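Q: Pasting a structure here, questions to come.
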Amino acid sequence: MGSSSSSRNKIPNAQELMRQTGFSSAHLLRLHDRFESLDRDNRGYLSPDDFEALGGLAMNPIGGRIIEAFFSSGQDTVDFSSFVRILAHFRPTDRNRNKEGTQQELPSSRTRKLKFAFQLYDLDRDGKISREELLQVLRAMLGLQVTEEQLQSIAERAIQEADLDKDDAISFDEFKKSLEKMDIDTKMSVSFLK
Amino acid sequence: MNSAIWFFNFVVRLSESSHSNESQHGHSSNITGIPIISFKWHHVETPYLVAFWVLVSFLGKLVIEANHHVTSVIPESALLICFGFILGGMIWAADKVQTFRLTPTVFFFYLLPQVILDAGYHMPNKLFFTNLGGILVHAVIGTCWNAASLGLSLWGCQMGGAMGDLDIGLLQYLLFGSLMAAVDPVAVIAVFEQVHVNDVLFIMVFGESLLNDGVTVVLFNVFDAFVSLGGPKIDAAEIIKGIVSFFVVAFGGSLVGLVFGLLISLLTRCTKNIQIIEPGFIFVLGYLSYLTAEMLSLSAILSIVFCGMCCQKYINANMDENSVQTVRYAMKAFANGSETIIFVFLGISAIDKVIWVWNTGFILLTLLFVLVYRFIGVFFLTWILNRYRLVPLEFVDQVIMSYGGLRGAVAYGLAVMLDENKIKEKNLMVCTTLIVVYFTVILQGITMKPLVMWLKVKRAAVTEVSLLEKLTNKMFNHTLVAIEDISGQIGHNYMRSKWKYFEENWMSWILMKPSARKKQDQVFDVFHQLNLKDAMEYVTEGERRGSLEFVRNENSIIDFKKKSESESFDINNANMSNDHGAMSTTRDPIPSVSLEMHEQIMKAVREAEAINAHHLLDQHLYKSRKQHRHRFSRSHFDINRDEKEVQEIFQRTMRNRLKSFTSAKMGVKPPKTIVKHTQKEQQQKMPNGKSMDKAKTSYSGDEGLYDFSFVHPAGIENPAFMPDLDPMDLLQIPPWLGESELDSSMVALSHRAQVDLPRTPSNLRRLAPLRISTRSTDSFTLENIPDTQQMDSDQLQPPPPPPRPPRDDGYV
């Protein structure tokens, strides 16, 4: 990486980002290159249509939601640090817990991964997955093969199983509890982001 | 027990005497008169012995499994071997020669294939392919390392004089090493099945044990050829040929298996009309794949494993449920049976003076090296692997992986196949193999469980999979693909999604029946399973609560699994159950929205509680039945039918109570009407887009009508219930009204009222509830009158739009 020092200077707050997300500088550079290639008009930030230009995402049933996950609360631009922070969720969880207590703050920690997943369901960000939201997800992922009433049944059942305080919606804690047996670390990690 | 031993001895004597004195079992030339009965041992000898040994092995298993405390400490395989020792001892005592032993032919052709087919068929594919890299590394490189290291070390030790006067060439040592190196799938299954370690660990060991056959076959054949050729003839060309043959054997074997797997899948697509022997195809074709690979000198185990793995998904989808169960159970039976016989014979084969050659150095060193090199190999390879793995294998897992490198019958079979002309010390090798096998299976088997517990290895999670988990799982998969897209790299998940795409659109299209293809969704599958589980729970619950006779009776009818003859319901029920039978065979596996109904009913129940305790009781009673019923229903059609029946029972009991009430307000009929309508309304409540349910409604309605009039004690001909009523009429009475009218069933309907009602079906039907409500002392229903008309107008639109339920509930 001959040009690494100069490239690193291109990335604002590189050290800060590395500390917060846990990415190595090599990774950060790679992601920066990717960011720049996505940013076709070279504006320094990404907008939804930049993401939509990726063909694969269009075919993805929840592509839209993922794109939305990058844009936090109403903004329609993503700068590099937000980009990296979101992607950092997918780093494999570091197993060596004997590091400093900042383990929990890393985006790649299990709780943060779950939070990300939760937000994929909870589009209106009210902190709860309502039946309607669950239905939408189901419809997106199962729509063609299953009839409407079956979808509703499934949604109903899923809520029944997870909803502990009987408020007919799944809060983040209930979500976390119902997925406690799942190996989130493997399921929500992409290896090259290590 | 004693008699068993005597019989056993008898048969043994029989067989050995048959070997020696043939003239006794006379040929027909010596007869002097007509034999009334003659003893024809020769006639049945072979099959009799085979069957007899199978029986003995199974009896041994029976004895062993009688006490669970023993089997939880000592694995069954070890006990079976000991049982074999005892048997061998008995035969030896009787014969002074070992007439029975595990021959390679019997083992490799008749005992091993089923075990491996079972392993392949029940293999968790996803887990396997996720870890395929690691498994392959261990299987190929690990086995080669084991073989080479063992052979070389032993040779070195011989050179160093540790083994006395032994003189075995290096090549022979390498040959011995190659047969000793392979981890045995049968032993692994036998030991690990009790221990329940976590999935990844199990699949690594098990997958390795299956895939290393490719390597073992090649190594064994190559070194066997080398031994035949002799040392000087081995040059680079031969070595290269050896390496090439590895690839050919391994991939060729897998390919053969794949082809047969696809063949099976295609066949099951067309076997709808011969469902009874459908399972046979799998066994026959599986076995043929094994034999074909063997014929082409490819890896037979790889072939049958891939055959099983490839076809499992498609045959489970294509075949009828019964056939799938048959295959599953038959395969397990064969596999388990084979395993039992293998271990028993492994024990018996030991008790044979002829083969025993003892060389302390050789045997002990072999044992030592086998263990040590296994540990070294596993740790080293895993260290390399962990740098590329997403989830590294932990230290304790590695320990168990090394310790779980059990040798078994395959090694013994290969050892017996050695040519004693080429290898003078064959017997020594056979003995050593046996001792290593015993050591690993018995000792390592016994200590495996304590070791696992002591090291606190992660155990297999008892997966109670929830819908949310499955759903989120799927979502994660999609998410990962998206992230890979965004970050612009082709990763694991991209490949997997591409494969899924290919598989869903091409392979499934060819290999799966169209009807099966539609049901191929995991979340849906979980939903279906959960529904079935609920259904089963309700059956047991209902049967437990003896007082709810309705529930129990209805369960006995609704339970599709047993087409039961309902006892107290005469013809009606006979019709019902027949139709149920018919319904269940026309397998409509897509369950309808029973759970949502349940929820709404529950809501309705909650609201009712606030109103009137009197109503409350009725409604609870009524609703709980509904709740069960809906859980069971597989289509709306059935719901109606069941409801009819329950209504009948209900009506009957009510009628008994009615006799004590002599109020002239109403007769029995309106409740019936209401009830019937309620059922229709129930159906309406369910958001159903299926128009065919309407048609079914009418049909079932007719039947119900017929039923009611049939059982009416007063014998009043009730034209209301004649089949010519169209469903719309029936639908016009809102359910809430119907339900609330239940209490009015306490009151007897006057004959006039009964007769009057049906005169002008459409009008009066609407009026009927009104009239009832005015007469009723029930103010509750009075309130609801204005809404009746509104409801009716709603109901006149066919089919009613789904979001009606909330309204209904509000009035209950």
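The values are calculated or read from the model by the stated rules, or taken from the named source; none is laboratory data. In this text, all values refer to a predicted model and were calculated from it rather than measured experimentally. Glycine gets a Cβ as well: all are built from the backbone with ideal geometry, and neighbour counts include every protein chain shown. We work out accessible area using only protein heavy atoms, side chains counted, and drop any ligands, DNA or RNA first. Shrake-Rupley method; radii C 1.70, N 1.55, O 1.52, S 1.80 Å.
Q: Highest mean first, what order results for B:290-300, B:48-58 on Cβ atoms within 10 Å?
A: Those peptides, ordered most packed to least, come out B:290-300, B:48-58.
Q: Of the heavy-atom accessible surface of the stretch B:240-280 (probe 1.4 angstrom), what whole percent is carbon and sulfur?
A: Here it works out to 82 percent.
Q: Something else now. Using packing as a proxy for protection, rank B:366-377, A:78-89, B:68-79 so that the peptide with the highest average count of other Cβ atoms within 10 Å comes first.
A: A:78-89, B:366-377, B:68-79
Q: Here is a follow-up. With an 8 Å cut-off on Cα pairs and a minimum separation of 6 or more residues, tell me the relative contact order of the stretch B:330-486 in percent.
A: Answer for the stretch B:330-486 is 26 percent.
Q: A follow-up question, please. Report the net charge of residues surrounding B:Val227, where surrounding means a beta-carbon distance below 10 angstrom and charges are Lys +1, Arg +1, Asp -1, Glu -1. Present the calculation step by step, with values, prior to reporting the outcome.
A: Details: positive: B:Lys422; negative: B:Asp224, B:Asp419.
The answer is -1.
Q: Ordered by residue, what ³J(HN,Hα) values in Hz, to whole numbers, does the stretch B:377-385 give under the Karplus form 6.51 cos²θ - 1.76 cosθ + 1.60, where θ = phi - 60° and Gly and Pro are x?
A: The phi angles translate into x, 5, 5, 5, 5, 5, 4, 5, 4 Hz.
Q: On a 18 Å Cα-Cα criterion, which of the cross-link pairs A:Lys113/A:Lys181; B:Lys313/B:Lys500; A:Lys187/B:Lys470; B:Lys241/B:Lys422 come out too long? Intermediate results must be reported in sequence, preceding the final value.
A: Values: A:Lys113/A:Lys181 14 Å; B:Lys313/B:Lys500 13 Å; A:Lys187/B:Lys470 12 Å; B:Lys241/B:Lys422 22 Å.
The pairs that break the limit, which is 18 Å between Cα atoms, are B:Lys241/B:Lys422.
Q: Before I look further, what does the stretch A:107-193 give for accessible area per residue, probe 1.4 Å, in whole square angstrom?
A: The answer is 39 Å² per residue.
Q: Taking beta carbons within 10 Å but only from partner chains, what does the mean come to for residues A:180-186?
A: 5
Q: Using the beta-carbon distance between B:Asn67 and B:Val97 and R0 = 30 Å, what value does 1/(1 + (r/R0)^6) give for FRET efficiency, to the nearest 0.05?
A: 0.35
Q: Another one. Roughly how much accessible area, to the nearest 100 Å², goes out of reach of solvent when A and B pair up, both sides summed, probe 1.4 Å?
A: Roughly 4800 Å².
Q: In addition: Mind checking the mean number of beta-carbon atoms from other chains within 10 Å of the Cβ atoms in A:61-71? Let's see the in-between values first.
A: On the way: counts 5, 7, 6, 1, 4, 8, 2, 0, 2, 1, 0.
Counting Cβ atoms of other protein chains within 10 Å of each residue's Cβ and averaging gives 3.
Q: Report relative contact order for the stretch A:107-193 in percent, whole number only (criteria: Cα-Cα under 8 Å, sequence separation at least 6).
A: Values: 58 pairs, mean separation 27.7, N = 87.
For the stretch A:107-193, the relative contact order is 32 percent.
Q: Would you mind checking which residues have amide H under 5 Å from A:Ser171's amide H? H placed 1.01 Å from N; only 5 or more apart, or other chain.
A: Under 5 Å from the amide H of A:Ser171: A:Ile129.
Q: Can you flag which of A:Lys177/B:Lys474; B:Lys40/B:Lys332; B:Lys96/B:Lys426 are past 29 Å Cα-Cα?
A: Numbers: A:Lys177/B:Lys474 18 Å; B:Lys40/B:Lys332 35 Å; B:Lys96/B:Lys426 22 Å.
Distance filter (> 29 Å) returns B:Lys40/B:Lys332.
Q: When only Cα pairs under 8 Å and 6 or more residues apart are kept, what is the percent relative contact order across the stretch A:13-89?
A: 35 percent
Q: How shielded is B:385-391 by partner chains, expressed as the average number of their Cβ atoms within 10 Å of its Cβ atoms?
A: Numbers: counts 0, 0, 0, 1, 3, 8, 8.
Counting Cβ atoms of other protein chains within 10 Å of each residue's Cβ and averaging gives 3.
Q: Same structure, new question: Could you order peptides B:395-402, B:336-343 by the average number of other Cβ atoms within 10 Å of their residues, highest first? Write down the numbers at each step before the final one.
A: Details: B:395-402: 19.5, B:336-343: 24.2.
Going by the mean number of other Cβ atoms within 10 Å, highest first, we get B:336-343, B:395-402.
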